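For reference, the structure is listed below as structure tokens.
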Amino acid sequence: MEARFNYYGTALAPKFMRYLQSAAKVVADSALPKSTQHLVELRASQINGCGFCVDMHSKDAAHAGETSVRLNLVAAWREATVFTDAERAALELTEQGTRIADAAGGVTDEAWANAAKHYDEDQLAALISLIALINAWNRMNVITRNPAGDYQPGQWG
């Protein structure tokens with residue numbers, strides 16, 4: 001499979017991606033736990049059907065020490081016993097924040113309150129930013145059909 005368009009080879013993309021990468025660095029350097037960041041990136045990418053990002057974020061998470069059991073259960077996190085209450089809150093917020101068009105009310109007050117119970121304001125800001133950011137990356141890769149499988153951990157930072 002080949003990408004239908006080499007978005008990353010255009011003159012505009014490097015300029016745009018510098019801003020996305022700067023935003024990603026702000027989130028990566030935040031107090032939001034790294035394991036939560038990996039889970040959020042993986043779950044949103046699964047929902048959006050972004051094979052490129054599922055490949056990348058599952059490999060990066062494994063490289064950072066995440067277990068295969070947890071990575072394999074992200075899509076079924078509600079039924080899994082391997083996630084903390086805080087991670088569950090982040091995954092719920094991720095799902096609702098990613099599926100905005102599917103829910104007439106967007107993110108529920110219950111999901112928000114649960115996340116706010118586990119994360120301070122800076123962590124919530126990082127979580128919201130990460131959900132928005134991974135959804136942007138997913139959309140760029142899904143639109144262009146960027147293929148999955150060749151990513152190597154740490155390849156881009």
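Any read-out appearing in this document is the output of simple, stated calculations on the displayed coordinates, not a laboratory observation. On a predicted model such as this, the values are computed, not experimentally measured, just so you know. Cβ: placed from backbone, ideal geometry, glycine included. Neighbour counts: every protein chain shown.
Taking the Cα centre of the stretch 32-144 as origin, work out the dipole magnitude from +1 charges on Lys and Arg Cβ and -1 charges on Asp and Glu Cβ, in debye rounded to 20.
320 debye
Need the full-extension length gain, residue 120 to residue 4, defined as separation in residues times 0.36 nm minus the C-alpha distance. One decimal, nm. Don't skip to the end; give the middle numbers.
Details: separation 116, 0.36 × 116 = 41.76 nm, distance 4.15 nm.
Using 0.36 nm per residue and subtracting the Cα-Cα distance, I get 37.6 nm.
Determine the shape class of the stretch 1-79: with a ≥ b ≥ c the square roots of the Cα gyration tensor eigenvalues, call it rounded for a/c under 1.5, and otherwise prolate if a/b is greater than b/c, oblate otherwise.
Values: a/c = 2.50, a/b = 1.43, b/c = 1.74.
The shape class here is oblate.
For residue 59, go through the lysines and keep the ones whose alpha-carbon is under 25 Å away, minus same-chain ones fewer than eight residues off.
Cα-Cα hits under 25 Å: 25, 34.
First measure r as the distance between the Cβ atoms of residue 69 and residue 101, then evaluate 1/(1 + (r/R0)^6) with R0 = 22 Å and state the FRET efficiency to the nearest 0.05. Walk me through the numbers before you get to the answer.
Numbers: r = 32 Å, r/R0 = 1.44.
FRET efficiency, residue 69 to residue 101: 0.10.
Order the peptides 87-99, 140-152 from the highest to the lowest mean number of other Cβ atoms within 10 Å of their residues. Don't skip to the answer; put the middle values down first.
Numbers: 87-99: 21.6, 140-152: 15.1.
In descending order of packing, they fall as 87-99, 140-152.
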